[in-house]
Amino acid sequence: MKERIYVCHTYYHVYVACLKELNLPKERRGEADIVLSTMSNDFGDLKRRAERSGLFRFVFMFEEKEDVYFPELMKYHINKGNLLLNMISRIKYTKLLGKLQQPYVPVDFKLYKDIYVFCDSDPIGYYLSYRKIKYHALEDGLDCISTYDTARYDNRGHFKLKAFLASLNLIFIQNGWAKYCIDMEVNDISILPYPCPKYIEKSRAELVAALDEEGKDILIHLFIADMDEIQRKLREGGQNKVLILTEPLCDLEVRKKLFCDVIEQYGKTCGDNPVILIKPHPRDVLDYEKLFSQYIVLDGKFPMEVLNFIPDLKFKRVVSVFTVPSSIQFAEEIVYLGEDFMDHYEPPEMHRQNEMI
């Protein structure tokens, strides 16, 4: 029997999986396997870096398929106008979606003592329930259930009935309600608006606080490609370092002008000979490496928290438009531009809807 395996859909999921492994005794490192689902994310060469990290035995790629990939499932989405008939359709859908994933699953999950699944609302949750395999669920993003409880929203109307059917494995409900979900790990139970008997709390801050310098170095080199070269450039630059956080705002041409202006107004004005770094948003497709080749462009996909682990990294200024950089601990000044800045690039009503009501 193998020890444990993680199923991840995003870089943040991999980050939390690494934190959990780094909080174990050193002699247990390298026991776990990890699965990277390609359904909604391009992991680039993260597989290679994860294999070299020493944290995992094997790194598997999972060509997980959304339900729309299977035409035979679509008929079960049709509203029949009757709760009983809709539940019968959903029972059939639940089993069939799990069954159809089988050819794409890269490992035999029954060989593992512990299975940790981020975002079990994805087809992997249906697959494990179809195979009657027990697993641990973990929240998709930090405190995400506090603002959007997908289990209750997706099952609004007769939730208690649906939760009962899920407890019998007739239908599937994510985030701690499925029969074969052992528990649901969250960062902070106290802020969650609705209870679930399977919630367990594991503070992400506590996981981070327990890291030693070796663990931080592992995370830096696992998530940031060419970190040694970036550190060389940082050492050669001056003390006035500026981090620009991009976002997928406007169309590409307007976005290009927007961040040119951000660099001119808030980057180049930060003291003498500022060193400018650009951290693209994971969903931002503008080619910053081509357009701003004179600056240091970081990989846009890695979790922002990893920057906290780079030794002696201090930014004079971090600039953000809408992203609230609450996890940043390495900046003397944080500039949050907000709606007033965006008024120069979009009609104000596009991002001031609440004020117009």
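Values in this text are rule-based calculations from the coordinates and carry no lab data. This is a predicted model, so every value here is computed, not measured. Here Cβ is always computed from backbone atoms with ideal geometry, including for glycine, and neighbour counts include all displayed protein chains.
List the DSSP H helices in the chain whose Cα atoms stretch 20 Å or more along the helix axis and whose mean Kyte-Doolittle hydropathy is at least -0.5.
83-101
Under a point spin-label approximation (7 Å from Cα along Cα-to-Cβ), what is the Arg156-Met61 distance to one decimal in nm?
3.9
Could you order peptides 15-27, 177-189 by the average number of other Cβ atoms within 10 Å of their residues, highest first?
Going from most to least packed, we get 177-189, 15-27.
Net charge within 15 Å of Ile78 by Cβ-Cβ distance, Lys/Arg positive one each and Asp/Glu negative one each, not counting Ile78 itself?
+2
If R₀ is 25 angstrom, what is the calculated FRET efficiency for the pair Ser190 and Ile334, using the beta carbon separation as r and rounding to 0.05?
0.40
Note the full-extension length gain between Ile133 and Ala205 as 0.36 nm times their separation in residues minus their Cα-Cα distance, in nm to one decimal.
Taking 0.36 nm per residue and subtracting the Cα distance, the gain is 22.9 nm.
Evaluate E = 1/(1 + (r/R0)^6) for Lys80 and Gln102, where r is the Cβ-Cβ distance and R0 equals 30 Å; express this FRET efficiency to the nearest 0.05.
Approximately 0.60, to the nearest 0.05.
Where does each of 256-269, 332-345, 111-124 land if you order them by average Cβ count within 10 Å, highest first?
111-124, 256-269, 332-345
Rounded, prolate or oblate: which one fits region 175-227, using the alpha carbon gyration tensor with axes a ≥ b ≥ c (rounded when a/c is under 1.5, else prolate when a/b beats b/c, else oblate)?
Prolate, because a/c is 1.5 or more and a/b exceeds b/c.
If we count other beta carbons within 10 Å of each Cβ, what is the order of Lys233, Lys279, Lys2, fewest first?
Lys233, Lys2, Lys279
Run the paramagnetic zone check for Leu73: 7 angstrom along Cα to Cβ, then residues of region 94-130 with backbone nitrogen under 11 Å.
The answer is 94-102, 122-127.
Need one word for region 207-341: rounded, prolate or oblate. Basis is the Cα gyration tensor (sqrt eigenvalues a ≥ b ≥ c); a/c below 1.5 gives rounded, then a/b vs b/c decides.
prolate
Hey, rough spin-label estimate for Lys257 and Lys2, points 7 angstrom out along Cα→Cβ, what's it come to in nanometres?
Distance between the two pseudo-spin positions: 5.3 nm.
Counting DSSP beta bridges in the chain, what percent are antiparallel, to the nearest 5?
0
I need the peptides 68-78, 217-227 ranked by packing, meaning the mean over residues of other C-beta atoms within 10 angstrom, with the highest value on top.
The peptides rank, most packed first, as 217-227, 68-78.
Sort region 131-212 into rounded, prolate or oblate with this rule: let a ≥ b ≥ c be the square roots of the eigenvalues of the Cα gyration tensor; rounded if a/c is under 1.5, and if a/c is not under 1.5, prolate when a/b is larger than b/c, oblate otherwise.
Note, shape of region 131-212 comes out oblate.
I'm spelling it out carefully: the read-out is volume of the Cα convex hull per residue in Å³, the candidates are (i) 167; (ii) 117; (iii) 131, and one was derived from this structure. Which label?
Label of the calculated value: (i).
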